[in-house]
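> Handing you a structure now.
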Amino acid sequence: MKKIFVIVLLCGFFACQSTDVDSNIELTEFTKELVSMYVNDEQNIDVKNRKDEIIIVSFTDDTCYRLALFANNPQDYDYCREDYIGQTTYLGYAVRVFGDENPSFFRLIRRIMKREPCSYNNDWEYDPYVWYICLYKDGSLCTRETYKVAPEEDISEIQSLVEKYFSVLESNK
């Protein structure tokens, strides 16, 4: 009985260690819930079945923080950008982050000193199911620029999530 317990304990310890080895970012609670919503969305059944990697692209302009979230099947397409920030694991999914650093979406634990150059696959057309979130710098949601794949889709879940973590929702600016 002791041997079985020790084996289970060691396997659990090493399994936990292996998921965090390459992590250099930590997702905020907002981003964790957003990833969970995305993965569990009925449109993403293939993402869930294949355990695709989740890609987050964060960028900032003069008025807004923007976040694009989508899944990528690395066996089919090697998604790469020169502005790679880092990665972590969440809910068993590899989560890779590109773009601008933004503490509203993730926290950088350590910088990556050496980045591998991208090798682009120009022969492949890639059109992922993208969720796009736009927050004004005061933390309110820009509903005109927030959508799930298409602007006409229901974003009420995203609105509720933003209200939970950021300031009062503004309908349209």
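> Report the extension gain between GLU42 and CYS118 in nm, rounded to one decimal, defined as 0.36 nm multiplied by the number of residues separating them, less their alpha carbon distance.
Additional length available on full extension: 24.2 nm.
> Accessible area, 1.4 Å probe, largest first: how do MET37, MET113 sort?
MET113, MET37
The values are calculated or read from the model by the stated rules, or taken from the named source; none is laboratory data. What you see is a predicted model, and the numbers here were worked out from it, not measured in a lab. For the accessible areas, the whole protein counts, side chains as well, though only heavy atoms, and no ligand, DNA or RNA atoms are used. Shrake-Rupley method; radii C 1.70, N 1.55, O 1.52, S 1.80 Å.
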